1. Give me the three principal axis extents of the stretch B:1-139 from the C-alpha atoms, as integers in angstrom, largest value leading.
2. What size of dipole, in debye to the nearest 20, comes out for chain A about its Cα centre when the only charges are +1 on Lys and Arg C-beta atoms and -1 on Asp and Glu C-beta atoms?
3. Could you point to the residue in A:G38, B:V247, A:L67 farthest towards the positive end of the protein assembly as shown's charge dipole, with +1 and -1 charges on the Cβ of Lys/Arg and Asp/Glu respectively?
4. Net charge near A:V501, counting Lys/Arg +1 and Asp/Glu -1 over other residues with Cβ under 11 Å of its Cβ?
5. Which value, in Å³ per residue, describes the convex hull spanned by the Cα atoms of chain B?
6. For B:79-86, what's the mean count of beta carbons from other chains sitting within 10 Å of each residue's beta carbon?
7. Given only helices, namely DSSP H runs of n ≥ 4 each adding -39500 (n - 2.57), what is the per-residue ellipticity at 222 nm of the protein assembly as shown, to the nearest 500 deg cm²/dmol?
8. Could you work out, residue by residue across B:26-39, how many beta carbons of other chains sit within 10 Å of that residue's beta carbon, and then give the average as an integer?
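Read-outs throughout are calculated quantities, based only on the coordinates presented, and are distinct from any laboratory measurement. Just so we're clear, the structure is a prediction, and the values are computed from it rather than from any experiment. So basically every Cβ, Gly included, is an ideal-geometry build from the backbone, and we count neighbours across all protein chains shown.
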Amino acid sequence: MFSRFGLHTILGLLCLAVFFVGCSSKSEPQTSNTLRIGNGAEPNSLDPHVATTIAEAHIVNALFEGLIAASPHNDKDIVPGVASNWETNETFTRFTFTLRSDAKWSDGTPVVSQDFLNAYERLLNPNFGAANAAFLYDLKNAKAYNEDSLSNFEEVGVATPNPQTLVLTLENPTLHFLQKLKHWSWRPIHRPSIEASGGYHDIANNWATHAQFVSNGPYSLETWRRNERIVLIENPHYWDAQNVSISSLHFYPFENTQTEFRAFQSGQLDITEEIPSEQMGRNPESERNDPALATTYLLLNNESPRLDDIRLRQALSQAIDRKLLIRAIEKSGLPATRFTPGSMPDYEAGDFATNDQPEKVILTEPLQFLVSNRESSIALAEAMQEMWQRKLGIEIRIQNMEFKSLLARLDAGDYDLSYLAWHGDYIDPMAFLEIWQSDSHFNRARWKEPKFDALIKAATKTADPVDRFAKLAEAETLLGKELPIIPIFWKTKDYLISPKVKQWPASLIDLRSYKGIKLSQ
Amino acid sequence: MLRFILIRLGQAIPILLAIYTITFFMVRAAPGGPFSQERKVAPHILEQQMEYYGFNDPTYIQYFRTLWQHISFDFPPLTSYPGLTSKDIILDTFPVSLELGILAMFVAIAIGLPVGILAAAKKNSLLDYAPMSFAMIGICLPTFVIGPLLALLLGVWLGWLNISGWFSWSDRILPALTLGLFYAAYIARLTRGGMLEALNMDYIRSARAKGASERAVVLVHALRGGIMPVISFFGPALAGLISGSFVVETIFQVPGLGRHFIQAALSRDHSLILSTVLFYAALIIIANMVVDIAQVMLNPKLRYG
């Protein structure tokens, strides 16, 4: 009898458990003026000093406003944010910002110049260890302070003569400084609320997840349910609140683009982050392909003796039929003719070198091509392998691996070729060129070219915009001639958008203003 | 029974310690570190991060420190979620996986058990072949095929259910069904096998000889013995189900623990890898113990020992 009872107890308890968990679920309220955005990976942090991914930036961008705001119309326009106006000296080394008096934090206190100074000190503090600290190196002495060779922050080029005035002194003439200021690492932060939840210089302080989260942008955080949804609601204290039309933004993380696509199809989402490649071009009424500042490229190991021959590098580049790759595999983007994307505004520079008769170069052993284990990367690598084999008789050995293992191999210099992408952080060719300087830590190609370094340096030192672009174009041409990296595609930002979303602005750097967006019912 | 439980828990300690040790050194042997990114971090910042998280200390110090953190439940900040610890992640996501796992188990039993019993009782008839072929397909078709198919059918075409999220009651249906169907197929096969064996036993012949109805023979006499293989399968299956399924959680965007297993490894988050692995190991040990107790309760021939 007891044993029968045992079986029934187990089954009975199971039924009960199911009943109770079923009861505990609650349904989701849905308001009409809500924009539901597919947002890619789950954010790791919403602290603007910790956030590094674009998925995090999409949200940080709605929560925090910097001196300069994103334009709702044209991405490259400079639109006042917290600063109502500004002046610069003739050499573009000192910028004086006047903060608007009605700029407020979401707790109602005013945004003052000290909030910016506090933010910059935190990001640059050597004990904080912010991955994005280098974004502030434009400020005088900022690099020294961050590298701990200067201990007095007063020597860094930030001054607050009064609560409404912020003076930024720069290391070099920086004509594109206002463009750079749009990056989220330049946003102010609310020191008291950070200190209330832990150490100000502690990277593990979780202030940016709290309900008491204080921000100064058009939106403030309502809830963050991890891997489910982040809900932002209108910040009533925002100075321009009357021009904010959408009352709440819902950001949904999606690891799987197929899931995101189905969610869009079934009406659960208004905008997607991506389009699965087999769906490209099949939803013309909702598909958008905005120009983006992003280039995919072959990373060459410039220390490898096998790739020493410039003719080989040029031949490799020339043998790639980029149009075919786009048509057959990538389904999006444009064939790249230089590293800085063609969508860079007002920038003219030469394409990379081509010659009509690619030379046949004899290699004694096959080149090692490391790619990540993403399906599309493997397919691209195999297609290129075939093109090189057929046109040049060059043998390639492809090895695909998990991404962190790939990075470890690249950092150890144990490779010949790899396939990566670079996304511009601000709208200026410098965002693409400065990374190939000899001493840049982004320079994974291990390319060292004094002539290139000299050109970038000269462009950094000049206050003449024409001369500056000429120097950058010259550097670009040199990069295209030497080919330490081989540009493949200029990417586009491909996504699906519901017809009821109006005035969703395109953005070259995928950081847009949410202010002007409207929903038609 | 108490003595049995205490012995089992005592045996769990060296097992968990061995799992901890193996995982600890495997994680360190994996190429790439928690801070390596496509956009490389400056060397002095990398150095600061390594120092902050204690990666610069000698390995034996890290080994014992992390061990102590797991014994005392005092976890360090995670490298992938700087504001959180692995305790936060597990407390946050395990209830979701538990709920999904229990629902899926319910689906699996509600479908698998009757199908298996019926197939055994009507051996070599259509009622045996049809459901069993179906079960074979269920086992062969992975969840990443069934899941999207169900989502397309019930979510996109019929529009009855949300295809992603974990908000309302109805959001539980698709993931539980997907996960449950897979286990239902297993349970059906195990039940059929166990029942066939039981139905050939002498005591069944006796029961029939005494004039018990066929219904009573199958559901009362044979089922008690026939269900044994299912109960043994239950333990590991339950542990696997409630600790979350990466595939199902990704397909339906369910905020469960399963995805953290994979994500922690991919992002080389040492602390989170160790915590999730140990948590899973502990769950398996407990589930197996519960199953052993259940078997003794159901089978008078077994004793604790």
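1. 72, 49, 27
2. Around 1040 debye, computed over chain A.
3. B:V247
4. Details: positive: A:R36, A:R288, A:K500, A:K502, A:K518; negative: A:D270.
That sum, taken over residues with Cβ under 11 Å, equals +4.
5. Working: hull volume 51.5 nm³, N = 305.
Hull volume normalised by residue count: 169 Å³.
6. Details: counts 3, 2, 9, 11, 16, 6, 2, 0.
Per residue, the average neighbour count from other chains is 6.
7. Details: 27 runs with 352 residues, N = 826.
Here the helix-only value at 222 nm equals -13500 deg cm²/dmol.
8. Values: counts 0, 0, 0, 0, 4, 10, 11, 4, 1, 2, 8, 6, 11, 11.
If you average over the peptide's residues, the count of other-chain Cβ atoms is 5.
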